[in-house]
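To keep things clear, I will list the structure first and then write my remarks on it.
The values are calculated or read from the model by the stated rules, or taken from the named source; none is laboratory data. For clarity, every value in this text was computed on a predicted model and none was experimentally measured. Here Cβ is always computed from backbone atoms with ideal geometry, including for glycine, and neighbour counts include all displayed protein chains.
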C-alpha cells in the first residue's frame with residue numbers, strides 16, 4: 001500500500017485557527033483509494049489509469065490538489081488481477097485506511113468481486129476502466145458509479161460502425177464477463193442493421209496459442225456469403241493479432257474488425273490497414289480543452305501522447321472533483337450520491353453524464369478507419385463519425401430492486 005499526498009501544504013494562519021475554533025473537520029484530508037490490477041495481464045491498463053487519475057486531479061483542482069480547502073490523499077492498492085485480493089484490499093481501504101470513496105477495477109471479474117464491498121461499507125466506488133455490463137447491470141448496487149464505458153457502449157458503437165445488410169460477423173473474445181457481456185450486447189445491436197453474428201469463439205484470457213480458436217472462426221465464416229468480418233474483442237495476456245496476420249485473411253475474403261485499443265495493440269493493427277470499428281478514445285480525435293491539456297502535459301512529462309486509460313483515469317478524477325465541488329467538500333456518502341446522480345462533467349473525450357437509474361457514464365464513442373503511416377509506429381484510428389449519447393441509445397441495465 002502506498003499513500004500519496006496530493007496537496008500543496010497550506011500555510012497556517014487565521015483561516016486555520018477559525019477551523020479549529022469552529023470544531024469543523026473540513027481541514028481533514030479527503031482520502032481516495034485507487035484499486036487497480038498493477039500486476040497481472042492488464043498491468044498496462046492499470047498503470048495508465050493511475051497516471052491519468054493523478055493528472056486529472058491536478059487538472060480539475062487547478063494544481064491545488066485540494067477541494068473546498070481539504071487536501072486530497074490517494075491510497076494506492078494492487079488487486080493483482082485476483083478477485084479475492086480485490087475484495088480484501090478494497091475492504092482494507094474503506095475500513096483500515098479510512099477512504100471516503102474509491103476508484104478502480106481494471107479487470108471485470110475483479111471489479112465485480114469488489115461491488116458488494118462498497119455496498120457493505122456504504123461507500124461510493126467509481127469503476128474505471130472495467131467494462132462488463134453487469135457492473136452497472138444485474139450486479140449493480142446504488143454505491144457504484146462508472147466512468148468507464150460498458151460492453152453495450154462498445155457493442156452498439158461497433159455495430160453502428162460495421163453493421164449492414166448481408167454482413168456476416170464472427171467474434172473472438174475472452175471467456176469471462178468482459179467477453180460474454182460484449183457478445184450479448186453486440187448481437188442485439190447488430191440485428192437492426194441487417195448484419196448477422198454467425199459465430200462466437202470464447203478463449204481463455206490466458207491463451208497464447210490461437211491456432212485452434214482461429215480455425216473454428218474460419219470454418220464458420222467459410223459457410224457464409226457476402227461480406228465477412230472477423231471481429232476481435234480481446235483483453236488478455238497475449239494478443240491474437242500476430243496469428244491472424246499470418247493467415248492472409250484477405251485471400252480468404254475475410255476482413256478484420258475491432259474496437260480501438262492501447263498503443264501496443266495499435267502496433268499490431270498495422271497489419272490490417274483500412275480496418276474499421278469504434279473506439280473509446282484516441283488522443284487525436286476529441287477536440288476540447290481537457291484533451292488539449294492531457295495531450296500536451298503527457299507529451300511533456302512522458303515523451304509520448306496519452307493512451308486509452310490515461311483518458312479514463314483523468315475522466316474519473318474529474319468526476320470525483322466535480323462531485324466534491326458540488327458537495328463543498330462534504331464526503332458523506334448519501335450527499336455524494338445525491339450530487340453524482342445525473343451529474344455531467346467534462347472529460348478528455350467530451351461530456352459524460354452519470355445516468356440516474358444505473359450510474360453508468362453516458363458518453364460518445366468514435367467510429368474509425370485505420371490509416372497506416374510509416375513514420376508512426378502504430379496504426380492511426382482516423383475519425384469517421386462521432387457516435388453520440390443520442391446515437392447509441394444504451395439501455396438501462398437490469399438493476400435489482
- Query: Just to be sure, is residue 156 closer than 21 Å to residue 308 by Cα and in contact with a helix residue (DSSP H, G or I) (Cβ under 6 Å, 6 or more places away or on another chain)?
  - Reply: yes
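Looking at 131, 124 in this structure, which one is under 19 Å from residue 184 (Cβ atoms) and either without any contact (Cβ under 8 Å) to a residue 60 or more places away in the chain or not assigned by TED's automatic domain parsing to the domain that holds residue 261 (or both)? I'd like the intermediate steps shown before the answer.
Numbers: 124 fails: under 19 Å from residue 184 (Cβ atoms).
Just one listed residue meets the conditions, 131.
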- Query: Does residue 223 satisfy the criteria of being over 23 Å from residue 378 (Cβ atoms) and either part of a helix (DSSP H, G or I) or not assigned by TED's automatic domain parsing to the domain that holds residue 268 (or both)?
  - Reply: no
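Sort through 74, 103, 110, 127 and tell me the only one that's in contact with a strand residue (DSSP E or B) (Cβ under 9 Å, 6 or more places away or on another chain), modelled with pLDDT of 95 or more and closer than 23 Å to residue 204 by Cα. Steps first, answer last, please.
Details: 74 fails: closer than 23 Å to residue 204 by Cα; 103 fails: closer than 23 Å to residue 204 by Cα; 127 fails: closer than 23 Å to residue 204 by Cα.
So the residue among 74, 103, 110, 127 that is in contact with a strand residue (DSSP E or B) (Cβ under 9 Å, 6 or more places away or on another chain), modelled with pLDDT of 95 or more and closer than 23 Å to residue 204 by Cα is 110.
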- Query: Taking segment 258-274, which residues are assigned to a loop (DSSP other than H, G, I, E, B) and surrounded by fewer than 21 Cβ atoms within 10 Å (Cβ to Cβ)?
  - Reply: 262, 273, 274
- Query: Where residues in segment 198-220 are buried (at least 17 other Cβ atoms within 10 Å of the Cβ) and in a loop (DSSP other than H, G, I, E, B), which of them is farthest from the chain's Cα centre (by Cα)?
  - Reply: 210
- Message: Which count do you get for residues in segment 155-185 that are within 18 Å of residue 216 (Cα to Cα) and either in a helix (DSSP H, G or I) or assigned by TED's automatic domain parsing to the domain that holds residue 131 (or both)?
- Response: 3
- Note on the structure: For residue 88, the lone unmet condition from (1) out of contact with any helix residue (DSSP H, G or I) (no Cβ under 6 Å at 6 or more places or on another chain); (2) modelled with pLDDT under 95; (3) not in a loop (DSSP other than H, G, I, E, B) is (2)
- When residues of segment 334-366 are filtered for being surrounded by fewer than 17 Cβ atoms within 10 Å (Cβ to Cβ) and farther than 26 Å from residue 392 by Cβ, how many remain? 3
- Have a look at 310, 332 and point out the one that is out of contact with any strand residue (DSSP E or B) (no Cβ under 9 Å at 6 or more places or on another chain) and under 16 Å from residue 286 (Cβ atoms). 310
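Just checking, does segment 148-159 include any residue being under 21 Å from residue 53 (Cα atoms) and modelled with pLDDT of 95 or more? Steps first, please.
So the first thing to find is which residues in segment 148-159 are under 21 Å from residue 53 (Cα atoms), and the list is 148-150.
Next, from what is left, pick out any that are modelled with pLDDT of 95 or more: 148-149.
Yes; the residues of segment 148-159 include at least one that is under 21 Å from residue 53 (Cα atoms) and modelled with pLDDT of 95 or more.
If I filter segment 91-112 down to residues being assigned to a helix (DSSP H, G or I) and under 20 Å from the mean Cα position of the chain (by Cα), which single residue comes out as surrounded by the most Cβ atoms within 10 Å (Cβ to Cβ)? Step through it out loud before you land on a result.
Of the residues in segment 91-112, the ones assigned to a helix (DSSP H, G or I) are 91-95, 108-112.
Of the ones still in play, those that are also under 20 Å from the mean Cα position of the chain (by Cα) are 108-112.
Working: 108: 28, 109: 18, 110: 26, 111: 32, 112: 20.
Checking each candidate, the answer is 111.
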